[in-house]
Amino acid sequence: MGSILIGSVSAQSTRQVTGKVTGNDNAPVASATVQVKGGAQSAMTGNDGSFSITTPAGATVLTITSAGFLSADVEVPTGQSTVNVTLNADNKQLNEVVVTAMGLSKSKRTLSYATQQVQTNTFSKARELNVANSLIGRVAGLDVARSSSGVGGSSRVVLRGDRSITGNNQALIVIDGVPMDNSNFSPGNANGGRDGGDGISSINPDDIESINVLRGASATALYGARAANGALIINTKKGTRKGLGVSVNSSYIAEQAIVLQEFQDVYGQGSAGVYNRASEFSWGPKMDGSQVAMWGPKPSNVGQTYSFKPQPGTYENFYSTGNQASNSLAVSGGGDRMQAYFSYTNVNAKGIVDNNTMKRNTMNLRISGDLGSKVSYDSKVTYLDEVINNRQQTGEAFANLQRHILRLPRNISLQAAEDYDFINPASGQLRQNYWNPGSNGGQNPYWIKNRVSALDKRARVTAFGSMTYKPLEWLSFMGRAGIDQYNDDFEGKWYNNTYTIADNGDYQTLFRKVREINLDFFGFVKKSFGDFNVDATFGASRQTFSSLAQSTSTGGLNRDNLFIPSNARSPQIGRSLAETEKQGVFMTADFSFRDFLTLTASARNDWSSTLPKESRSYFFPSAGFSAILSNILDLPTFISFAKLRGNYAVTGNDARPYLLNQTYTFSAGGPTGFISRDGVRPFPDLKPELTTSLEVGTEVRLLNNRFGFDLGWYTSESKNQLFSVAIPPASGWSSQFINAGLVRNTGVELTMNGAIVRNSALRWDVDLNFARNTNLLVELTPDLKRLVLAGDFVNDVVVEEGKPLGQLYSRGYQRNAQGQILVDATGLPRISAGKTVFMGNSRPDWTGGINNRISWKSFSLSFLISARMGGYVSSFTNAVIYADGVTKKTLEGRDSYVVDGVRDDGSKNTTATNAEKFWVRVGGRNTPAGEVFTYDASNIRLRELVLSYNLPNNVIKGLPFQSGSISLVGRNLFFLLNRAEGFDPELTAGAQNTTVGLESFSLPSTRTVGVNLNLSF
Amino acid sequence: MKQTKIPHLSVLLLLATFSLFSCTEKFDELNTDKTKLTELDAVGVNNAFAAAQYRAVQASWQTFQSLFADLQSQYYANVAINFPSDRNVMVGSWLNGAFNGFYSSAIPPLLGVLDNTKPGGPAANPAIYAVANIWKVQAFLPRTDYWGPIPYSKVGSGDKSIEYDTQEAIYKDFFAILKQSVQNLQAYRGQTLALGANDQVYNGNVDKWIRFANSMRLRLALRVSAVDPALAKSEAEAAVAGGVLTSNVDDALLKTTTNSLNPMCQATAWNEFRMSAAMESVLKGYNDPRMNVMYAPAAATGQYKGLRNGYSQVQLGLTENGPNANSNVATRYLPDNMFSTPFLVMYAAESWFLRAEGALNGWAMGGLAKDLYESGIRTSMASWGFTGAAVNTYIAGTTRPIALTDGVRTPALSDIPVRFEATAAKQREQILTQKWIANWPNGHEAWAEFRRTGFPKLYPRINSDEPLVPGNSVVRRTPYTSGELATNPKGVASGVTKLGGPDNPTTRLWWNK
């Protein structure tokens, strides 16, 4: 959103301005862009640096930009028609300011660690409901896994690989210097669940000014523990000193399912080739149009017949076109003493399941300014109000709609299935109409859609206020208080006759209040001593966190479908609490010698309430350097800039609360309640975790800064990790926390950018990023070499010494010494009994992206291709629906099929079986052979495309605004490569460490296409 | 606001901010979970007893009892299409849940009661200690009868590795516990324990606990009657002399509440099992009045119908083998009654049948086998509300189990009638067949006694997916669990050694040698 000055409009006609642009070495600058400030008109300089531009009435300022040079604003007073401009070499670019830990601004050239500024200008155009998804493919070393819960889902953001064996691996989110709580209280998992949403999804893309990614622990030593996984430093917009600006941004985006699964349309409901009106499978006879008994217990269906014929397209037609309409208004302005920015954004979204909707209102007020020359202040309040209907269940959950629509027998039409309920004439009760009444696992998809509902409401306030006192030119102090508080209110309804999960209905509520308060005090020292500069910060911080949740559930309803907590058969009330406090003191200092060399040192000591008294206090230092080689050495002239950097840092991490002492739980049950000792063995000797990291890197710019790259290498070691291990339950406890383990991550990160084409008509810039991380569990515990972190129906997620985290094990074919598949007497492959067969590792080998930005006259085009290569993903969906006989691949061998394998005696198998028996053997819900349903997760896709048109002056003239643009946007448009069969490997069962390698009844992937209008008044 | 004052205000603000950085004195209190208790006190022992009692029978009921013992004993047959345990597949994840569910949910509260009430314990109470010990036998018995050697004497030690005990040692400790506990309870005869209603079985009635303990002793005695006949005889005779359960008013039934429900009723909502062909053959053959209160007519046909155990996944997809074509359990076991139907622990009838079998063995059981057998039938009938002429007719019945009309032409289960036969071999089969009916739905006892005696003569399974145990063979035990192999490998190794055979479903338990 741009804004220009109101009040500068006068009644003059247009004029022609000509001139010449030169560098400070007096050489002409070709291909520089000359723009009317705040307007749409632009021109390009020729090879001799000359230009000519038509300026509208009242416009007196031209902005000249060129890669490798500082942009310049030149005043062309009324009446003047020529102007010559001298551009200074791009020290601005070199002196790019980034915001680092604690909201401190630093010159990027002096940083001793890797950061990446993210191009955020398309975020508010090609919108994502969760900003995390906009980051995919743009940041080297950033890996995002999306949960498949539809509108309102969460995303897992990991930088430089997983560090923690069982703990949080996600990057810290910092907004305007204040950390934001990014807890996900109910991440979906493989066995089903409903994603509870995360913190990052609450961020409004319209308010983002910049995002800076601090990848390593070193960058954030000052944040303490939570930043050990890197941080996303987000700055939001502020008011300006230059009068009033108003801007409007509107988007309409349509969302459509990308159907990757292929279904068969030959065989219908039944087993062994026999029609069965109650069957949940499509192993029946050929659908030949003959009349068969109508399914379902609805009285008007009983005894009826209907035509047994294929119903192609039921899966894709079940989903409708989703949409997202967002409108935002931003007003900014102010004078010398006070500046304000206010924005209001309204988002209305509807998913491809049409009752999955979201309404989100965000209001944001930022006021900053000064009180005299020595005191300044900054403050912000953001209020978010969000209502999400029917966030989709994920995974194996019986109320996961996707499960039921995928399993729909191939002869049942959507129209017929839509007749999903009826009133039982005998009892007067509302009942489900389904082909297999009372099924253990099956439901009519429309019943689940309409008779199981979820409503999530969130109200969130984030605010901060800071005051800075600068008594001396080289000394200042700042005090800052930040609060992030939100209330979640969940309401879930299950109608009676929702088979096996709520036969008597259910009503669940959850109220949660989360509050984080950060109080910081800083002192800043900035002083030069001749060639030496000192830039030091010291301070103290206190962070308090509390999360309180109260839940109710009914265990069945006494009166049918009356959704009130007191209408409970077996009322259950839960209350959970987590309260922590952390205090810290810290200092960091940069010592610079001329423009050459900067040495950085920092130190922090934290005191955490979750640790025992003896180890409550823990200290961690860091040290680094940066050297501007181009200022030290006499480099060839084509090298415009070269820098070397290096950093070593230690970060400590505390534990979650309440691990130190034995607790007993009182629960409802029996005549007066049950008491039981809790199964987590207390751990009074808890110690903080320690991560050490080392990184070196270089940043080089070439040919007048036209091309550049940043190459970094890092290694980090996380030891003393706190994690839970299962212990023999006969010991009296089921698990205990231990301090052990050593995880090493080593990797390279590369970002490149270049101006490929630059002439008077066309500009083409390319940004490229690439990252490869190698993760290794060096040591688990002295006596434990392998730990199963989680198990689902398909996989065990395992950590093993000497292997990377995230190893997947499942069942597979039993093979002989030659690797041939062993077949039993019935001609079916033998499957291993346990999950003993290695499937692969779930984490990618490398990630990368290429973003192209092309502008031609008033048009600009950007497109982003992202790649996530390597890693494996298993599909529980395929395991189930192949055994159901609904997919196209199950057509082969329906009548007879000989498995390519050998008998136990080594002779070739000749016993015929058939497709049904084969897929039932290898697939199904309970003991699928993951080997058959595990795929290479590599994928490359056209992630984003934005085509914008800046309204030219002759269009704007006479309209009440100063500038405007209209854009066509698209995201996730198509795959260039996808090795998974029938699904998008990026959509995981949940946003957890252990769900990355599993797809489990996910929503189909979606592409979005939309239009965006941006106006500035 | 005058500018000159502002710096002072600002400094004040900064100082105020800084003063909020207090010291860490409050950390201990902050790091205490206010939603939990920090200790188990004397009052809490009652609640812990209630938890131990309930969870010992409820823990992982589906994956422990329903998916194994109830199918192996052919009380039911599986109708859940993708469940393989009725085809002898010892599904590891289910057994793992069954094992861990018991040790992690039932054992901690039981240990809490024992540690607190033991002599010299903080809430020492010999009577509650005795009852908790009797319950310990009830809790561990079905577990050792699944796996054989299990963690027993070292339970609760907190050690990293928990050694398994031999089944012989466990059974012998059971006998010792029961004997000692009954002795300790003699002083409290006629009294009601302070547990009151927290004893969800007998409301703290000491006399009933004594009879229950003796009946348990009698049950164990019969179990070891092949492997150690002398021990069996002496334990059985001592138990009967001490007084066992005789009347259905003493039936050990655990009360359920709105927050401690009957797990069997809950599971029936899932439509995973239906009446077995074995039950249909016997109940229909004997015109047994209990059929109507145990099972319900099939939803689709209105007829009582059972199906064979071990159908393949494809066969289960056929209409005739579906849940609607076969008999579910009767109304009292449906989910609507899960908060009211009590959970069976032990029927008094069982003791009569145990005594009848003991009498056949030549033990002093206080009666003749025939009388004891008939008293068992009468007591069982009374538990279901049947008395008088109908019961007399039943006992005199000469009809035999029937052949079924089904797709696999199932023959009659056996040729024995209800009326007591003349030969000891037939009598033994009759006693065990009637005990099998009377013990319903206690699948644990039914499976254990079937393994021990081979009675009733259950049907071979239609299919087996476990090559080691074909359909016409018997699963002798359940294999050790993946969780134990991962967390307690040395313990499992000690168990395999003590098992005396490979860790698979064919190895016979100690008492089944």
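The values are calculated or read from the model by the stated rules, or taken from the named source; none is laboratory data. Fair warning: this is a prediction, and the values are worked out from it, not measured in the lab. Here the Cβ positions follow ideal geometry from the backbone for every residue, glycine too, while neighbour counts run over all protein chains shown.
Observations, loosely collected:
- Subset of segment A:262-273 [among the hydrophobic types (A, V, I, L, M, F, W, C) and over 18 Å from A:SER307 (Cβ atoms)]: A:PHE263, A:ALA272
- Test for A:TYR949: is it over 30 Å from A:GLU396 (Cα atoms) and assigned to a strand (DSSP E or B): yes
- Odd one out for A:ALA278, checked against (1) under 21 Å from A:GLN402 (Cα atoms); (2) at pLDDT 90 or above: (2)
- Test: residue in segment B:149-156 that is in a loop (DSSP other than H, G, I, E, B), over 24 Å from A:TYR664 (Cα atoms) and within 14 Å of another protein chain (Cβ to nearest Cβ): yes
- Here A:LEU789 fulfils each of the conditions (1) free of Cβ contacts under 8 Å to residues at least 40 places away in the same chain; (2) not in a loop (DSSP other than H, G, I, E, B); (3) not polar (S, T, N, Q) apart from (1).
- Within segment B:161-175, the set of residues being away from chain A (no Cβ under 14 Å) and assigned to a loop (DSSP other than H, G, I, E, B) comprises just one member, B:THR166.
- Residue within segment A:394-416 that is modelled with pLDDT of 90 or more, over 23 Å from A:GLY313 (Cβ atoms) and assigned to a strand (DSSP E or B) present: no
- Selection of segment A:1001-1017 for residues being surrounded by fewer than 21 Cβ atoms within 10 Å (Cβ to Cβ) and among the aromatic types (Phe, Trp, Tyr) yields only A:PHE1017.
- Any hit, segment A:624-632, residues being at pLDDT 90 or above and of a type in the set (Val, Ile, Thr): no
- Some residue of segment A:545-555 being at pLDDT below 95 and part of a loop (DSSP other than H, G, I, E, B): yes
- Check on A:THR826, touching a Ser or Thr at 6+ places or on another chain (Cβ under 9 Å), surrounded by fewer than 16 Cβ atoms within 10 Å (Cβ to Cβ), in contact (Cβ under 8 Å) with a residue 60 or more places away in the chain and not assigned by TED's automatic domain parsing to the domain that holds A:THR746: yes
Residues checked against (1) within 14 Å of another protein chain (Cβ to nearest Cβ); (2) over 27 Å from A:GLU779 (Cα atoms); (3) surrounded by 18 or more Cβ atoms within 10 Å (Cβ to Cβ):
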| position | (1), (2), (3) |
| --- | --- |
| A:LEU711 | no, yes, no |
| A:TYR714 | no, no, yes |
| A:ASN720 | no, no, no |
| A:PRO728 | yes, no, yes |
| A:THR751 | no, yes, yes |
| A:VAL757 | no, yes, no |
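- Segment A:222-271 - residue that is closer than 30 Å to A:THR877 by Cα, of a type in the set (Gly, Ala, Ser) and crowded, with 18+ Cβ neighbours inside 10 Å and, of those, modelled with the highest pLDDT: A:GLY268
- Residue pairs meeting the criteria (Cβ under 6 Å; at least 6 apart or on separate chains; first facing chain B (nearest Cβ under 7 Å), in segment A:657-668; second among the small types (Gly, Ala, Ser) and not in a strand (DSSP E or B)): A:PHE666/A:GLY673
- The single condition from (1) polar (S, T, N, Q); (2) touching a helix residue (DSSP H, G or I) at 6+ places or on another chain (Cβ under 9 Å); (3) in a strand (DSSP E or B) that A:THR672 fails is (3).
- Only a single item in (1) under 20 Å from the mean Cα position of the chain (by Cα); (2) away from chain A (no Cβ under 14 Å); (3) crowded, with 20+ Cβ neighbours inside 10 Å; (4) hydrophobic (A, V, I, L, M, F, W, C) is not met by B:VAL240, and it is number (1).
- When A:ASN389 is tested against (1) within 30 Å of A:LEU891 (Cα to Cα); (2) modelled with pLDDT of 90 or more, just one condition goes unmet, and that condition is (1).
- Taken together, A:ASP595, A:ASP590, A:ASP535 contain a single residue that is assigned by TED's automatic domain parsing to the domain that holds A:ARG460, charged (D, E, K, R), part of a loop (DSSP other than H, G, I, E, B) and farther than 30 Å from B:THR258 by Cβ, which is A:ASP595.
- Which listed residue, of B:THR379, B:THR405, B:THR387, B:THR393, is surrounded by fewer than 18 Cβ atoms within 10 Å (Cβ to Cβ) and either assigned to a helix (DSSP H, G or I) or touching a Pro at 6+ places or on another chain (Cβ under 6 Å) (or both): B:THR393
- Test: residue in segment A:359-380 that is closer than 22 Å to A:TRP447 by Cα, buried (at least 22 other Cβ atoms within 10 Å of the Cβ) and out of contact with any helix residue (DSSP H, G or I) (no Cβ under 8 Å at 6 or more places or on another chain): no
- For segment B:246-269, taking the residues that are assigned to a helix (DSSP H, G or I) and not hydrophobic (A, V, I, L, M, F, W, C), the one that is farthest from the other protein chains (Cβ to nearest Cβ) is identified as B:ASN248.
- Segment B:464-478 - residue that is surrounded by fewer than 20 Cβ atoms within 10 Å (Cβ to Cβ) and not charged (D, E, K, R) and, of those, farthest from B:ASN96 (Cα to Cα): B:ASN472
- Qualifying residue in segment A:772-786 (condition: at pLDDT 85 or above, under 22 Å from A:ALA833 (Cα atoms) and in a strand (DSSP E or B)): yes
- Given (1) surrounded by fewer than 17 Cβ atoms within 10 Å (Cβ to Cβ); (2) closer than 18 Å to B:GLN186 by Cβ, index of the condition B:LYS208 fails: (1)
- Residues that are out of contact with any Phe, Trp or Tyr (no Cβ under 9 Å at 6 or more places or on another chain) and free of Cβ contacts under 8 Å to residues at least 60 places away in the same chain were ranked within segment A:346-359; the one that is nearest to the other protein chains (Cβ to nearest Cβ) is A:LYS359.
- B:VAL131 buried (at least 20 other Cβ atoms within 10 Å of the Cβ), modelled with pLDDT under 95 and away from every other protein chain (no Cβ under 12 Å): no
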